[in-house]
There are 2 protein chains.
Amino acid sequence: MKNDGTMVNAFVPGKGNLSAEDQALVARRAKAMGPAYRLFYETPVHLVRGDGVWLYDKDGNAYLDTYNNVASVGHCHPHVVAATAQQAATFASHTRYLHDTVLDYAERLLAYFPPELSHVMFTCTGSEANDLAFRIARAHTGGTGFIVTENAYHGVTYAIAGMSPSLGEGVPLGEHVRTVAAPDPALMTGDLGAAFAAEVQAAIDDLLRHGIKPAALIVDTIFSSDGVFEGPKGFLQPAVDAIRAAGGLFIADEVQPGFGRTGDAMWGFQRHALLPDMVSLGKPMGNGYPVAGLVLRPEVIAAFGAKARYFNTFGGNAVAAATAMAVLDVLENEGLQENARVVGGAFAAGLRDLASRHQSLGPLRAAGLFLGQDIVTNGAADAHLTARLVNEMREARVLISATGPRANVLKIRPPLVFSMANVDHFLTVFDKVLTRNGA
Amino acid sequence: MKNDGTMVNAFVPGKGNLSAEDQALVARRAKAMGPAYRLFYETPVHLVRGDGVWLYDKDGNAYLDTYNNVASVGHCHPHVVAATAQQAATFASHTRYLHDTVLDYAERLLAYFPPELSHVMFTCTGSEANDLAFRIARAHTGGTGFIVTENAYHGVTYAIAGMSPSLGEGVPLGEHVRTVAAPDPALMTGDLGAAFAAEVQAAIDDLLRHGIKPAALIVDTIFSSDGVFEGPKGFLQPAVDAIRAAGGLFIADEVQPGFGRTGDAMWGFQRHALLPDMVSLGKPMGNGYPVAGLVLRPEVIAAFGAKARYFNTFGGNAVAAATAMAVLDVLENEGLQENARVVGGAFAAGLRDLASRHQSLGPLRAAGLFLGQDIVTNGAADAHLTARLVNEMREARVLISATGPRANVLKIRPPLVFSMANVDHFLTVFDKVLTRNGA
């Protein structure tokens, strides 16, 4: 299927129902920030304040945030904000001086990983983390071939945009990149693990046929941009075995599923009982502060570390570390992984209940507070209806978006402090919007 | 000259005079963060607090910071910290919603640029800004060839590390990258502008001979890692003309010289009366908060913007924008560009005065508070003596470092709030250290 690079749920200038003030803001954006930026929704949302799962516009209207996975412990969480402010007022410098905070955080973070994954390196963005993994995989394996799923998104640096097919055909894939079908249980026949591993093996074979040594298979362990494929648990092992047998590494991109979102485990790879060679972290790590990282086995960094140094001016600075530490505090103190499991379970049950009354609700895939709801008409993907639902939800002040190669998967991914009452609110509004659309 | 990748002024594990506590910290770092990280100095500094131009260790000892260009308006400046804290407590989200702060900042920042440079895009790091420039230059020109100076540093993503020869031979340059000699007035004969342009033309010719269309010449406009080459003003124009005649763009990397440091102008390219196609910004932009950006002419983003979108989750978030805005407030309210000019001038004069009494002080190059002081023995570069001076200054609690392809250039680059008294302090200590070394 052709991907012309049009972003799902992107604002189209000249359309929508904007106030004169917001029209002026859109014009200022185009003038100052140029043509490569996109806004969400037919009528973009103009926000001024955030608090927990709520976002507020200029007129004080509250929007239920059922989409943003960055502010994972809730928008503007006071414990996190206080940690940022206190450290920024005290000491903010980098990793070429000794300071305790980054080490305290590194050790605390690593305690959430299996002992084999015993190093962490700090970057500012998930893109930088994946880019560093790319460099390290090449240095360690001597290979240059990378395998990704066909609608994957791993970041925006040159190297990583080149392995992010979801950016569309305007962004060329790297010559050494091969794509495989995502493990969509509706499309792959037979055993899903075997079918996905066969895809990976075919990509390995094609790389080798072109004289390219495989370096790594990288997957988002919940396949966020491919449409949210959460299971069955453990099904990825044969694909990991295949890339290892070919001398390549397995990189788990946990930028979206990580930090407890899937409910069952802190990391998506743990849900699947995998042991990756490298694990990239990002979005929720600092609840919005730009901090990200790469966790890895010591043996894969040995070759790189022997001949190259790594320094990221802002990566692992004291404020980043203090902020990320506060995020772990909240995750633990407020039991957010468990909350994701319980509330996410109720959310999925509620959507299945709606599906019994709304024919447009096709297959649902969910793990914790990461849900992908297919929207269909007569059983077929319906991108048009999906867009209508997303925008009518926005008009009803509930924020979600859509994803997937056919643009028909509602992506539901709220802050982890989402409550049962928030689920009820969502389902009540969604029921009305579906009913109004005869969907 | 071979560059084995050994970092100038790097700590060598097992050496130095560390306390038991710091030895333990170093061991924890190696265990948790792996082999690719480096510390400064024979005996690393263990810091806990920053205030203005001062950094403090655990025992309350104050170090005069004559090196850190990130905390450009001073460590932990209260106005900047307050802006970060206030915005983080209010709204922190990204550029796919309308919010005012990022636009207010974008417009205010662009007002410091010539009108031709009318778009700004936001990233988190200077590496990401240069990586985006790399992608845009390729899309706009259809070329793939890049030209950099022979000890340049532009960042750590895969694409940009491949055009950062200062990272050493362990980090391969891209196949489409050519290096040119830096404009060292001590090594280039005749007119410096013509000589540097001839280097660039030779690189263009070599690219073309290999069938590679040039995309861009990128230079740090004060050649920070090449040894600090600040002038003469205007000398870069012939090189810029050469790349443009070949269909390539000129990218000014202002990550180090930008935001008033050179005293004469807000941007290094303005000192040289150049009009770049793209300008990358970073380090001092948020005084330590991870924010960076790329300013560009609309015509160079047209091709990229028509077929690709750009989104950086944390880039241009509301907190980044509010923090960067506060940095501009301080730069203006405290007259820091003018302070850089005046205090930097006094600093240079003081070093020239010392040079009349210390034979090891060779050529000095300086613009505002960016100074490069060659250390020589019998007129020849002396990396060994340079390292000794850097480390003895550190023992005397004055922080500087060294750079250049021969590792003999003292890199002096303090926060812009550096005062005349700070200059006196530096010169007094430096005089003693030089005298003690018979240098």
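Mind listing whichever residues of region B:383-409 are of a type outside the set (S, T, N, Q) and more than 22 Å from B:Ile222 (Cα to Cα)? Passing the criteria: B:His384, B:Leu385, B:Ala387, B:Arg388, B:Leu389, B:Glu392, B:Met393, B:Arg394, B:Glu395, B:Ala396, B:Arg397, B:Val398.
From the residues in region B:81-99 that are of a type in the set (A, V, I, L, M) and either surrounded by 21 or more Cβ atoms within 10 Å (Cβ to Cβ) or facing chain A (nearest Cβ under 7 Å) (or both), which one is nearest to A:Gly60 (Cα to Cα)? Give the steps one after another, and end with the answer.
Start the filter on region B:81-99 by keeping residues that are of a type in the set (A, V, I, L, M), which leaves B:81-83, B:85, B:88-89, B:92, B:98.
Next cut, either surrounded by 21 or more Cβ atoms within 10 Å (Cβ to Cβ) or facing chain A (nearest Cβ under 7 Å) (or both) only: B:81, B:83, B:85, B:88-89, B:92, B:98.
On the way: B:Val81: 27, B:Ala83: 22, B:Ala85: 22, B:Ala88: 18, B:Ala89: 17, B:Ala92: 17, B:Leu98: 15 Å.
By that ranking, first place goes to B:Leu98.
Checking each residue of region A:269-280 against the condition of being surrounded by 24 or more Cβ atoms within 10 Å (Cβ to Cβ), within 14 Å of another protein chain (Cβ to nearest Cβ) and on the phi > 0 side of the Ramachandran plot gives no match. Of all the residues in region B:430-439, those that are without any contact (Cβ under 8 Å) to a residue 60 or more places away in the chain and crowded, with 18+ Cβ neighbours inside 10 Å number 1.
When A:Asp22 is tested against (1) within 25 Å of B:Leu110 (Cα to Cα); (2) free of Cβ contacts under 8 Å to residues at least 24 places away in the same chain; (3) within 10 Å of chain B (Cβ to nearest Cβ), just one condition goes unmet, and that condition is (2).
Here is a check on your reading of the model: is B:Leu167 surrounded by fewer than 21 Cβ atoms within 10 Å (Cβ to Cβ), among the aliphatic types (A, V, I, L, M) and either closer than 30 Å to A:Arg29 by Cα or not assigned by TED's automatic domain parsing to the domain that holds B:Ala381 (or both)? Break it down into steps so the answer makes sense when it comes.
Details: surrounded by fewer than 21 Cβ atoms within 10 Å (Cβ to Cβ): no; among the aliphatic types (A, V, I, L, M): yes; either closer than 30 Å to A:Arg29 by Cα or not assigned by TED's automatic domain parsing to the domain that holds B:Ala381 (or both): yes.
Spelling it out, it is not the case that B:Leu167 is surrounded by fewer than 21 Cβ atoms within 10 Å (Cβ to Cβ), among the aliphatic types (A, V, I, L, M) and either closer than 30 Å to A:Arg29 by Cα or not assigned by TED's automatic domain parsing to the domain that holds B:Ala381 (or both).
Pairs linking a residue in region A:116-141 that is facing chain B (nearest Cβ under 8 Å) and closer than 18 Å to A:Asn312 by Cα to a residue that is part of a helix (DSSP H, G or I) and of a type in the set (S, T, N, Q), with Cβ atoms under 6 Å and 6 or more positions apart or on different chains, do not occur.
Test B:Ser360 against the criterion of being within 28 Å of B:Ala265 (Cα to Cα) and in contact with a strand residue (DSSP E or B) (Cβ under 6 Å, 6 or more places away or on another chain), and give yes or no. No: the conditions fail for B:Ser360. When restricted to residues that are within 9 Å of another protein chain (Cβ to nearest Cβ) and surrounded by fewer than 24 Cβ atoms within 10 Å (Cβ to Cβ), region A:305-333 contains 6. Here the condition is being within 28 Å of A:Ala88 (Cα to Cα) and surrounded by fewer than 24 Cβ atoms within 10 Å (Cβ to Cβ); of B:His425, B:His384, it holds for B:His425 alone.
Each residue in region A:32-80 was checked for being among the basic types (Lys, Arg) and at the interface with chain B (Cβ under 7 Å from one of its Cβ atoms), and 2 pass.
Scanning region B:380-417 for residues that are farther than 15 Å from B:Tyr67 by Cβ and aliphatic (A, V, I, L, M) turns up B:Ala380, B:Ala381, B:Ala383, B:Leu385, B:Ala407. Do the conditions hold for A:Ala216, that is, is it assigned by TED's automatic domain parsing to the domain that holds A:Pro165 and under 13 Å from A:Thr179 (Cα atoms)? Against the criterion (assigned by TED's automatic domain parsing to the domain that holds A:Pro165 and under 13 Å from A:Thr179 (Cα atoms)), A:Ala216 qualifies.
The values are calculated or read from the model by the stated rules, or taken from the named source; none is laboratory data. The structure presented is a predicted model; accordingly, all values stated were derived computationally and were not measured. In this analysis, Cβ positions are derived from the backbone assuming ideal geometry, glycine residues included, and neighbour counts consider all displayed protein chains.
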